[in-house]
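Undergrad: Got a structure here, written out as structure tokens. Questions coming.
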2 protein chains.
Amino acid sequence: MEEIFNLAEKQRLIDQNHFEDLFTTDIRPLTKLFRMPANSFIIKSTSQPQYLFYLIKGRAKLYDVTANGKTMLIDFFTPPCFIGEMELIDPTGDPFSVQAIGDCLCLALPIHRIQKQLLVDPIFLKHICLYLAHKNTRNIRVASKNQTSTLSERLAAFILMTEHNGVYKEKHTEVSEFLGVSYRHLLYVLREFMDAGLLSKQGHRSYLIQDRQELERIAEGNQS
Amino acid sequence: MEEIFNLAEKQRLIDQNHFEDLFTTDIRPLTKLFRMPANSFIIKSTSQPQYLFYLIKGRAKLYDVTANGKTMLIDFFTPPCFIGEMELIDPTGDPFSVQAIGDCLCLALPIHRIQKQLLVDPIFLKHICLYLAHKNTRNIRVASKNQTSTLSERLAAFILMTEHNGVYKEKHTEVSEFLGVSYRHLLYVLREFMDAGLLSKQGHRSYLIQDRQELERIAEGNQS
DNA sequence: CTCCAACTGTGAGATTTCTCATACTTACTG
DNA sequence: CAGTAAGTATGAGAAATCTCACAGTTGGAG
């Protein structure tokens, strides 16, 4: 994680992402700009973060590490969004881990300097409430879908969600973690889709969608 | 759902639960007191709630109804806690269903009257943020435990969580819904616990814990 | 007191998912 | 360019979980 001291660039990014609109007071003087290299940790579950981040470029992923050491991919972050707001609001809880997927850019506010002020800022708090409520809704929907449906349904939905121009090319290792199934089983179902003519392999690690309509039907839960 | 017009009683409950402390302004004049009979719906997923509720007595459960009609028990509410705060903050989203388990008492504020005011009340917003953050953390932990561990682990943990004086007597139907497994499978694992000498049946629908230490070990993930 | 809906309980067979073992390929590091 | 870690790929057998079918029990509602 490396700070970028280009003031003009920082100001441009603040404006472009309407960062100021999230606060009552002027936070520009305290705002820093960071670049996180791919795969680096923005927040480590082992220590309280020093900053409240606002992701403006790149993707990141949220992990939970369960008591028995198993790691579990919980969610993806897509800009623009806060990172570390839970830790700001409740510094007593254990933080989660957030890892950059590709290179990321973040605006950042030093927690120790602005915590008191932000916790009484109604505009900021309202944004955080909305953000948390949405996140919560998403989590609940995803969790209940995970429990009530089989991998075929979830995978079909996931493929449709992440595909670009009819091409699906996510990393199997990440996907199996995210969908909470073993790598083996993911491959098995992917093979089923290919046998059923829904997908075809294209080159080494990308798949071509052959029957979008059927994929959609499966994702809806109308298992053939 | 039936309003209770006993002013003295209402005031007593407001004081006892420190309801006023959650707001900057005096909300007593607008506060109503409701009694919900067991099994009635406090919030129905089909229509926006009219009130922001604060549960002060009784237990309630949160359901999600998935697109394909499957129903899924997400969480339990224990007093004191807000109900309907997500719908207050984001009236555009689909509401969830909340059903009273036993008879419940709720303080309630009419949303159409206080929404604007509450959304700029820093004290209220801060409480909601904290509440949402905690809820979120809980949901994530539960969801990731659900995915990474087998029913034995989750059931062992659930038994220890809900037991009183060494006796476990939750309804199997509710539990299987909550843990997201079929009724059949729950019974199957329960039988395994009995065969392994961890539980014994006591009367018609209650179980006696025989080996708490082993249950704890299993709950931690140290599957024998 | 009777009846009915909801809950408890069990068997059998099918489906989903996991673990482990084993190769091959790719991408990066020195 | 060799070496290595990570990702891809597949088989086989086991474990977890589901569906369906069927019966007995219980706790109210009338």
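Undergrad: Does region A:99-118 contain any residue that is without any contact (Cβ under 8 Å) to a residue 12 or more places away in the chain and within 7 Å of chain B (Cβ to nearest Cβ)?
TA: The answer is no, given that none of the residues of region A:99-118 is without any contact (Cβ under 8 Å) to a residue 12 or more places away in the chain and within 7 Å of chain B (Cβ to nearest Cβ).
Undergrad: Could you list, in sequence order, the residues of region A:139-179 that are more than 14 Å from every other protein chain (Cβ to nearest Cβ) and of a type in the set (D, E, K, R)?
TA: A:Glu163, A:Lys169, A:Glu170, A:Lys171, A:Glu174
Undergrad: For region A:202-218, give me the residue count where each residue is away from DNA strand D (no atom under 11 Å from the Cβ) and more than 14 Å from every other protein chain (Cβ to nearest Cβ).
TA: Number of matching residues: 8.
Undergrad: For B:Gly180, all conditions in the list (1) away from DNA strand D (no atom under 13 Å from the Cβ); (2) at positive phi hold save one; what is the number of the exception?
TA: That leaves (1) as the condition not met.
Undergrad: Filter region B:91-128 for residues that are within 18 Å of A:Asn136 (Cα to Cα), in contact with a helix residue (DSSP H, G or I) (Cβ under 9 Å, 6 or more places away or on another chain) and open to solvent by 30 Å² or more (accessible area, probe 1.4 Å) and give the result.
TA: B:Pro91, B:Asp94, B:Lys126, B:His127 - these are the residues of region B:91-128 that are within 18 Å of A:Asn136 (Cα to Cα), in contact with a helix residue (DSSP H, G or I) (Cβ under 9 Å, 6 or more places away or on another chain) and open to solvent by 30 Å² or more (accessible area, probe 1.4 Å).
Undergrad: Check whether at least one residue in region B:11-20 is buried (at least 19 other Cβ atoms within 10 Å of the Cβ) and modelled with pLDDT under 95, and report yes or no.
TA: No: region B:11-20 contains no residue that is buried (at least 19 other Cβ atoms within 10 Å of the Cβ) and modelled with pLDDT under 95.
Undergrad: Also: Could you list all residues from region A:171-205 that are of a type in the set (Phe, Trp, Tyr), within 21 Å of the chain's Cα centre (by Cα) and either more than 20 Å from A:Thr148 (Cα to Cα) or at pLDDT 95 or above (or both)?
TA: Across region A:171-205, the qualifying residue is only A:Tyr183.
Undergrad: Within region B:202-218, how many residues turn out to be within 15 Å of DNA strand C (Cβ to nearest atom) and either touching a residue at least 12 places away in the same chain (Cβ under 8 Å) or open to solvent by less than 80 Å² (accessible area, probe 1.4 Å) (or both)?
TA: So the answer is 6.
Undergrad: How about region B:133-169: which of its residues are away from DNA strand D (no atom under 12 Å from the Cβ), surrounded by fewer than 17 Cβ atoms within 10 Å (Cβ to Cβ) and not in a helix (DSSP H, G or I)?
TA: Once the filter is applied, which keeps residues that are away from DNA strand D (no atom under 12 Å from the Cβ), surrounded by fewer than 17 Cβ atoms within 10 Å (Cβ to Cβ) and not in a helix (DSSP H, G or I), region B:133-169 yields B:His164, B:Asn165, B:Gly166, B:Val167.
Undergrad: To continue, here is another question. B:Tyr188: among the hydroxyl-bearing types (Ser, Thr, Tyr), free of Cβ contacts under 8 Å to residues at least 60 places away in the same chain and more than 12 Å from DNA strand D (Cβ to nearest atom), yes or no?
TA: no
Undergrad: One residue is enough: does region B:51-73 have a residue meeting the conditions at pLDDT 90 or above and either loosely packed, with under 13 Cβ neighbours inside 10 Å or of a type in the set (S, T, N, Q) (or both)?
TA: Checked region B:51-73: no residue is at pLDDT 90 or above and either loosely packed, with under 13 Cβ neighbours inside 10 Å or of a type in the set (S, T, N, Q) (or both).
Undergrad: Would you point out the residue of region A:96-139, among those that are within 20 Å of A:Ile4 (Cα to Cα) and of a type in the set (Gly, Ala, Ser), that is modelled with the highest pLDDT?
TA: A:Ala108
Undergrad: Restricting attention to region B:3-20, report how many residues are in contact with a helix residue (DSSP H, G or I) (Cβ under 9 Å, 6 or more places away or on another chain), in a helix (DSSP H, G or I) and closer than 19 Å to B:Phe82 by Cβ.
TA: Of the residues in region B:3-20, 3 are in contact with a helix residue (DSSP H, G or I) (Cβ under 9 Å, 6 or more places away or on another chain), in a helix (DSSP H, G or I) and closer than 19 Å to B:Phe82 by Cβ.
Undergrad: Right, another one. How many residues does region A:117-131 hold that are out of contact with any strand residue (DSSP E or B) (no Cβ under 9 Å at 6 or more places or on another chain) and either of a type in the set (D, E, K, R) or assigned to a helix (DSSP H, G or I) (or both)?
TA: Within region A:117-131, residues that are out of contact with any strand residue (DSSP E or B) (no Cβ under 9 Å at 6 or more places or on another chain) and either of a type in the set (D, E, K, R) or assigned to a helix (DSSP H, G or I) (or both) number 9.
Undergrad: Being open to solvent by 20 Å² or more (accessible area, probe 1.4 Å) and at pLDDT below 85 is true for just one of B:Ala8, B:Ala38. Which residue is that?
TA: Result: B:Ala38 is the single residue among B:Ala8, B:Ala38 that is open to solvent by 20 Å² or more (accessible area, probe 1.4 Å) and at pLDDT below 85.
Undergrad: Return a yes/no flag: does region B:180-201 have any residue that is surrounded by 13 or more Cβ atoms within 10 Å (Cβ to Cβ), under 23 Å from A:Arg138 (Cα atoms) and within 10 Å of another protein chain (Cβ to nearest Cβ).
TA: Yes - at least one qualifying residue is present in region B:180-201.
Undergrad: Still on this structure: In region A:122-138, what residues are touching a residue at least 12 places away in the same chain (Cβ under 8 Å) and at the interface with another protein chain (Cβ under 7 Å from one of its Cβ atoms)?
TA: Hits for region A:122-138 are A:Pro122, A:Ile128, A:Leu132, A:Lys135.
Undergrad: Something else: Among the numbered conditions (1) within 15 Å of DNA strand C (Cβ to nearest atom); (2) in a loop (DSSP other than H, G, I, E, B); (3) within 12 Å of chain B (Cβ to nearest Cβ); (4) on the phi < 0 side of the Ramachandran plot, tell me where A:Gly221 comes up short.
TA: (4)
The values are calculated or read from the model by the stated rules, or taken from the named source; none is laboratory data. Worth saying up front: this structure is predicted, and the values here are computed from it rather than measured. FYI the Cβ positions are ideal-geometry reconstructions off the backbone, even for glycines, and counts take in every protein chain you see. With ligands, DNA and RNA removed, areas are computed over all heavy atoms of the protein, side chains included. Shrake-Rupley method; radii C 1.70, N 1.55, O 1.52, S 1.80 Å.
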